[in-house]
Amino acid sequence: MNEVRDLQYISTRGGALGQFSDVLLEGLAPNGGLAVPETLPRLSSDDLERLRPLSYPELATEILGLFATDIPREDLAGLTAGAYGGGKFAADEIVPLTPIGQSLTLVGLSEGPTLAFKDMAMQFLGESLEYVLEKTGRVLNVLGATSGDTGSAAEHALRGRDRVSVFMLSPQGRMSAFQRAQMYSLQDANVHNIAVAGVFDDCQNLVKHLSSDIDFKRAHSLGAVNSINFGRISAQIVYYVWAWLRASDAAAEAERSSFAVSFAVPSGNFGNILSGHYARSMGVPIHKLVLASNENNVLDEFFRTGRYRPRDAENTLATSSPSMDVSRASNLERFVFDLLGRDPERTAAAWRELDETGEIDLSAERERFESEFGLVSGTSTHEDRLATIRSFHEHNGVVLDPHTADGALIALAHLDDGIPMLVLETAKPAKFAELIEEALGSPVVPDAETQALLDAPQRVLDMDDDEHALRAYISERALA
Ligand SMILES: *Cc1c(COP(=O)(O)O)cnc(C)c1O
């Protein structure tokens, strides 16, 4: 493998940021840019063949080893075994591929403890954070806001760990019963659930205020594990390689190196599909990367027109694929950096334009999205989502979660003859029982495990939307 020794990270707006362990705790550069590898590792077709026999944790060690060159290989193997071993994932193969009919194959990314794809990256992040903190003798108090999936994945990845605690804000009464149960039933001493009287944006604003108070942040070792975290992005690259390997297993040996697949990715913050962009840039034979948006279709608009026009909270709709209700895609800057020839000056200028005018106009580059990067997109609506769930249930006997249904719908519009279309399953339908009931007309009967989770005692602190109360609470309980 074209391995770079001591891989360095740089900011998309210029400047060196250190190595993997340095950017793991802070994805954001001091100049506002995002951490990216200085050079992207490459995988030749021989490399890919060498990776073919590996188990998922072994593959993760090889791929993550290309990015985390400052972590000794034996240690990394321990981290990936911890993340993807030990029965945390329901499927033995960790990420199963299942043909679901209508020319689509589902990539099962939701076999982890919180039934959503965020576990794939968060489990590795939990292992590697604990490792890096131990090495450096530091502690970390993770402060975050969640509307559901991210918070529960973070808590399940960090619960019971040394040197790290979690303060997670969630909006009172805005999450599904299942999502509440997944978070609030955790009894670990290092997990602090705080239900704020307000909406998700109020939670987010509290986090922003506290995190931008540099003194408070330092005094209490505050950090985040949000979607710009490069540890998460790198861990997600693994399943693109895995899915290509499994899809091409059946091809004749001589044809494997040219065996291409396409991926359809339900998208919000552009984290998941960015990892696909990196896998493709590294040499994995990916034909198209199909981005699916819901009604909050800022990204679809960008990939169709070249104009990026983020929306504010008032103009972000609450949809039935809630984990995609994002109108400012924090990871897009990393793609734009590559689009602009990895030029930090041009990238910084684009984000200055955004600050000044509220939009970035890259319409001159529009043709290149598909021709050079394979990126195409589409928008799905509530009615589309319901119809897609119904159609796959009726014709193919599978139940898709609402986000995955958005991906499947847009995938169908981008099929190419002879190229498998792999749809990333970003959540299990059990997480969104109400919408499934609306689509299929009959209530979803929880299985025994789900029922036990719903019945488990919950531990959560109700708090007003009050910065002072939150400061006091954190000051008292943060690890030092
Ligand atoms: C987070 C999430 C998404 C969006 O992923 P991004 O990386 O933010 O683009 C899609 N579906 C589900 C179920 C999610 O939890």
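The values are calculated or read from the model by the stated rules, or taken from the named source; none is laboratory data. Please read all numbers here as calculations on a predicted model, not as lab measurements. Cβ coordinates were reconstructed from backbone atoms using ideal geometry, including for glycine residues, and neighbour counts include every protein chain displayed. These accessible areas exclude ligands, DNA and RNA; they are computed on the full protein's heavy atoms, side chains included. Shrake-Rupley method; radii C 1.70, N 1.55, O 1.52, S 1.80 Å.
Residues are listed down the side, and each one gets a yes or a no for (1) in a helix (DSSP H, G or I); (2) touching a strand residue (DSSP E or B) at 6+ places or on another chain (Cβ under 7 Å); (3) modelled with pLDDT under 95; (4) among the charged types (D, E, K, R):
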{"residue": "5", "(1), (2), (3), (4)": "no, no, yes, yes"}
{"residue": "14", "(1), (2), (3), (4)": "no, no, no, no"}
{"residue": "30", "(1), (2), (3), (4)": "no, no, yes, no"}
{"residue": "36", "(1), (2), (3), (4)": "no, yes, no, no"}
{"residue": "46", "(1), (2), (3), (4)": "yes, no, no, yes"}
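Across the stretch 369-392, what is the total count of residues that are of a type outside the set (Val, Ile, Thr), at negative phi, in contact with a helix residue (DSSP H, G or I) (Cβ under 7 Å, 6 or more places away or on another chain) and not in a strand (DSSP E or B)? Total satisfying the criteria: 8.
Of all residue pairs spaced 6 or more apart or on separate chains, those with beta-carbon atoms under 8 Å, a first member in the stretch 395-418 that is more than 11 Å from the ligand (Cβ to nearest atom) and a second member that is of a type in the set (D, E, K, R) and in a helix (DSSP H, G or I) are 409/384; 409/385.
Could you list all residues from the stretch 250-268 that are open to solvent by less than 60 Å² (accessible area, probe 1.4 Å) and in contact (Cβ under 8 Å) with a residue 40 or more places away in the chain? Give the steps one after another, and end with the answer.
Step one: list which residues in the stretch 250-268 are open to solvent by less than 60 Å² (accessible area, probe 1.4 Å), which gives 251-252, 256, 259-268.
Scanning the stretch 250-268 gives 256, 260, 261, 262, 263, 264, 265, 266, 267, 268.
Restricted to the stretch 150-167, and to residues there that are closer than 26 Å to residue 318 by Cβ and open to solvent by 10 Å² or more (accessible area, probe 1.4 Å), the residue that is nearest to the ligand (Cβ to nearest atom) is 150. Here is a check on your reading of the model: is residue 175 farther than 20 Å from residue 470 by Cα and within 16 Å of the ligand (Cβ to nearest atom)? Considered against the rule, which asks whether it is farther than 20 Å from residue 470 by Cα and within 16 Å of the ligand (Cβ to nearest atom), residue 175 comes out as yes.
Could you list, in sequence order, all residues of the stretch 127-138 that are outside any helix (DSSP H, G or I) and either open to solvent by less than 30 Å² (accessible area, probe 1.4 Å) or free of Cβ contacts under 8 Å to residues at least 12 places away in the same chain (or both)? Show your work before the answer.
Going residue by residue through the stretch 127-138, those that are outside any helix (DSSP H, G or I) are 137-138.
Once the filter is applied, which keeps residues that are outside any helix (DSSP H, G or I) and either open to solvent by less than 30 Å² (accessible area, probe 1.4 Å) or free of Cβ contacts under 8 Å to residues at least 12 places away in the same chain (or both), the stretch 127-138 yields only 137.
For the stretch 337-354, residues that are crowded, with 19+ Cβ neighbours inside 10 Å, touching a Ser or Thr at 6+ places or on another chain (Cβ under 6 Å) and not aromatic (Phe, Trp, Tyr) total 1. Exactly one residue out of 188, 202 is away from the ligand (no atom under 16 Å from the Cβ), part of a helix (DSSP H, G or I), charged (D, E, K, R) and open to solvent by less than 50 Å² (accessible area, probe 1.4 Å), and it is 202.
Can you pull out the residues in the stretch 443-474 that are over 20 Å from residue 152 (Cα atoms), open to solvent by 90 Å² or more (accessible area, probe 1.4 Å) and either in contact with an Asp or Glu (Cβ under 6 Å, 6 or more places away or on another chain) or at pLDDT below 95 (or both)? The one that is over 20 Å from residue 152 (Cα atoms), open to solvent by 90 Å² or more (accessible area, probe 1.4 Å) and either in contact with an Asp or Glu (Cβ under 6 Å, 6 or more places away or on another chain) or at pLDDT below 95 (or both): 445. Scanning the stretch 105-126 for residues that are surrounded by fewer than 22 Cβ atoms within 10 Å (Cβ to Cβ) and more than 16 Å from the ligand (Cβ to nearest atom) yields a single hit, 105.
Residue 375 satisfies every condition listed in (1) more than 14 Å from residue 301 (Cβ to Cβ); (2) crowded, with 19+ Cβ neighbours inside 10 Å; (3) within 16 Å of the ligand (Cβ to nearest atom) except (1).
Residue-by-condition table, conditions (1) in contact with a Leu (Cβ under 6 Å, 6 or more places away or on another chain); (2) without any contact (Cβ under 8 Å) to a residue 24 or more places away in the chain; (3) not in a loop (DSSP other than H, G, I, E, B):
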position: 435; (1), (2), (3): no, no, yes
position: 439; (1), (2), (3): yes, no, yes
position: 443; (1), (2), (3): no, yes, no
position: 453; (1), (2), (3): no, no, yes
position: 459; (1), (2), (3): no, no, no
position: 465; (1), (2), (3): no, no, no
position: 472; (1), (2), (3): no, yes, yes
position: 476; (1), (2), (3): no, yes, yes
